[in-house]
Amino acid sequence: MNKLWLLLSMSLICGAAIAEPPGDPKAVTNEDGKYLDANGDPTFNITDDGTVDWYTFSGYRRYHSDCHVCHGPAGQGSTYAPPLIDSLKSMNYVEYLEVVTNGRQKVGASGNSVMPAFGTNKNVMCYVDDIYVYLRARTAGVGGTGRPPKKEAKPAAFTEAETACMGG
Ligand code: HEC
C-alpha cells in the first residue's frame, strides 16, 4: 500500500477526527464577485465602510428565511439549536456542507435534537455557499447582526448559477 492510499484511507476512516479546522477567512481571490480564501473555500469580503460582497448579503437573506427559525438571529443560537457562529470556528466548509445536506439528529435524555436534511431543498442548496459566507463573516464578528446596509452589485455569474440551479 503506498503512502497516498494509506493517507486517503486514513482520512476516510477517521475523517471527523483528523478534519482540518477552517482556514483564515481572509479573501485572497475574487472570481466574478465570489471571494475565496487561500484554501479555495468561499468567504466574505467586507470593506471598511461596511459594504458587503453580494454573497454575504444573499446569505443574510437566505439564512433568515431558512435557518433563523431554529438557529436564532444572525447565527446566535436558540434553546433548540446551537449557535452557528460558534460551530464554524471549528467546523470546516466540507463538514458544514455535509451537515446541511444530510442533516443530523441526536436522541438523548433531554429530548430529540433534529437538524433537517436540506439536500433536496433548492431554496437552501442553491444558496448553501451564500449562507456559509454570511455565517463566516458573523463568526469573524464582522458585517453586523442586522441587514447589511451596503452591498456590492449582484454579479452576472451569481444570476447565471442561480438560474441554472433553481431551474435544473
Ligand atoms: C428545524 C430546526 C432547524 C433548522 C430549520 C435548521 N437547523 Fe441546523 N441544526 C438544528 C439542530 C437541532 C442542530 C443540532 C443537531 C445535533 O444535536 O446534532 C443543528 C445543527 C446544525 C449544524 C451543526 C452545528 C454543530 O455545532 O455541529 C449546522 C452547520 C447547521 N445546523 C446549519 C444549518 C443551516 C445552514 C440551516 C439553514 C439552511 C439550518 N441549520 C436550519 C436545527 C435546525
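Any idea how many residues of region 49-79 are assigned to a loop (DSSP other than H, G, I, E, B) and among the polar types (S, T, N, Q)?
Count: 3.
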Quiz item: Residues of region 71-85 being in contact (Cβ under 8 Å) with a residue 24 or more places away in the chain and either near the ligand (Cβ under 7 Å from one of its atoms) or closer than 15 Å to V114 by Cα (or both), which ones?
Solution: Y80, A81, L84
Practice problem: Mind counting the residues in region 92-120 that are part of a loop (DSSP other than H, G, I, E, B) and more than 6 Å from the ligand (Cβ to nearest atom)? | Solution: 7
Self-check item: Filter result (over 24 Å from P82 (Cβ atoms) and exposed (fewer than 15 other Cβ atoms within 10 Å of the Cβ)) within region 40-70
Solution: G40, T47, D48, D49, G50
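Bear in mind these aren't lab numbers, they're just calculated from the coordinates by the rules spelled out. Note that the coordinates shown come from a computational prediction; the quantities given were computed from them, not determined experimentally. Every residue, glycine as well, gets a Cβ built from its backbone with ideal geometry; the counts of neighbours run over all protein chains shown.
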